[in-house]
Amino acid sequence: MIAVIGIAGAKVKVKLGIPEKKPEVHEHELIQDVPPEMSYAYEEAMRSRDELWDGVGREQGVFGGYDSVEPENGDEITTEFRGTAYKVACHLAEAGEKVKFISLAGKDLMGDALSCDLEERGVDTSCLRKVEGKTPVEVQVVNFLNDLQFSRADGVLGDSLTPEIIDEYSEVLTGASAVMVDGTLPERTLQHISDVYGGKTKIVFDPGTLGGAEKVKLRKSDALSGMYCIVPGRMEAETMCGRSILGRDKLAEAAGLFIDKGVKMTVITMKGGGLYYSTGEEENIIKPERVLGFAEPEGAGDVLTAAVVRGVAQKLAPGEICSRAMEVTADYLKDIKDEF
């Protein structure tokens, strides 16, 4: 069994069609599909959409009027759940691993939806606690040209995932073949997990964002001392170690800093495909057959981290872990279009 710890959130994307272009679209029906706390944001976006179209010209504007822009549909709303821990848990379950997701969700519609989504994907949610507060939701509104018009985020639960709550699942953590943790946890919780459980199980840490990396900067934190493996992106690793990482020598220097801090295995991912790993005794750069030069391969890092966690749980050698992880990630990358 693999335990995964982190806060998941939802992203609601509202793509606005051309106003009055398709009169059969009823905006009040679409509003019903938006989380109640976000209805105001959607209504504001509707008003800004009309203003935008007035600004470019309904008939003779720079885009040539209505007939020059043909969206496939009218207004469209999509919802997806996000977060490094969430994505890793789902990828592990898809690979056939037994996964327990240790997290918090609000007692709201999105919290219920998150729980159902994880269960449908095969993730054990018995350690997903419902608490007062809002499940994190980000709403993005884009216009008919797919330009971001409005963004708003509500709900913060990360600070509520305290060491005391973590300890309630101590049997799960000590019985896990590996534990994955992301940077949505507060600093003191990361430190606690490292101090208390680092010697009892193998912990894999992925900061997920630059904000998550900031929490474990080497100059101010000892939270990495109990981590078996860390999987930051290059820029996240720069934030964590406090120095630029350009070139193999700099990669090795950064890995050395992490190893000196207590990390047994460092895996630094690079945009477009490829990774560098080091244990202090061995190191290597592994690249897929096709490296993306300009694409933004969103999600590839989560795929790779999940594969690393799985390899750690299976007690594979570091080189084999990373080779297998690169194979899985390359398979994911093969369908991504490489363009400016």
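Here are 151, 160, 194: which of them is open to solvent by 40 Å² or more (accessible area, probe 1.4 Å), under 27 Å from residue 229 (Cβ atoms), among the hydroxyl-bearing types (Ser, Thr, Tyr) and touching a residue at least 12 places away in the same chain (Cβ under 8 Å)? Give the steps one after another, and end with the answer.
On the way: 151 fails: under 27 Å from residue 229 (Cβ atoms); 194 fails: open to solvent by 40 Å² or more (accessible area, probe 1.4 Å).
After applying the criteria, what remains is 160.
Do you know which residues across segment 168-183 are among the polar types (S, T, N, Q) and open to solvent by 50 Å² or more (accessible area, probe 1.4 Å)? Walk me through it before giving the result.
To start, the set of residues in segment 168-183 that are among the polar types (S, T, N, Q) comprises 170, 174, 177.
Selection gives 174 alone.
If the condition is being outside any helix (DSSP H, G or I), in contact with a Gly (Cβ under 8 Å, 6 or more places away or on another chain) and either buried (at least 23 other Cβ atoms within 10 Å of the Cβ) or at pLDDT 65 or above (or both), then segment 63-95 contributes 75, 76, 81, 82, 83. Restricting attention to segment 263-290, the residues that are of a type outside the set (D, E, K, R) and without any contact (Cβ under 8 Å) to a residue 40 or more places away in the chain add up to 12.
Candidates are the residues of segment 100-117 that are among the acidic types (Asp, Glu) and either open to solvent by less than 10 Å² (accessible area, probe 1.4 Å) or farther than 14 Å from residue 90 by Cα (or both); the one that is modelled with the highest pLDDT is 112.
Scanning segment 228-264 for residues that are β-branched (Val, Ile, Thr) and touching a Phe, Trp or Tyr at 6+ places or on another chain (Cβ under 6 Å) returns a single hit, 230. If I filter segment 317-327 for residues that are at pLDDT below 80 and in a loop (DSSP other than H, G, I, E, B), do I get at least one hit? No: zero hits.
Of all the listed residues (268, 203, 230), the sole one being buried (at least 23 other Cβ atoms within 10 Å of the Cβ), in contact with a strand residue (DSSP E or B) (Cβ under 8 Å, 6 or more places away or on another chain) and at pLDDT below 95 is 268.
The values are calculated or read from the model by the stated rules, or taken from the named source; none is laboratory data. Bear in mind that the values here come from a model prediction, so they are computed numbers and not experimental data. Cβ sites come from the backbone with ideal geometry, for glycine too, and all protein chains shown count toward neighbours. Note: accessible area is taken over every heavy atom of the protein model, side chains too, but ligands, DNA and RNA are not part of it. Shrake-Rupley method; radii C 1.70, N 1.55, O 1.52, S 1.80 Å.
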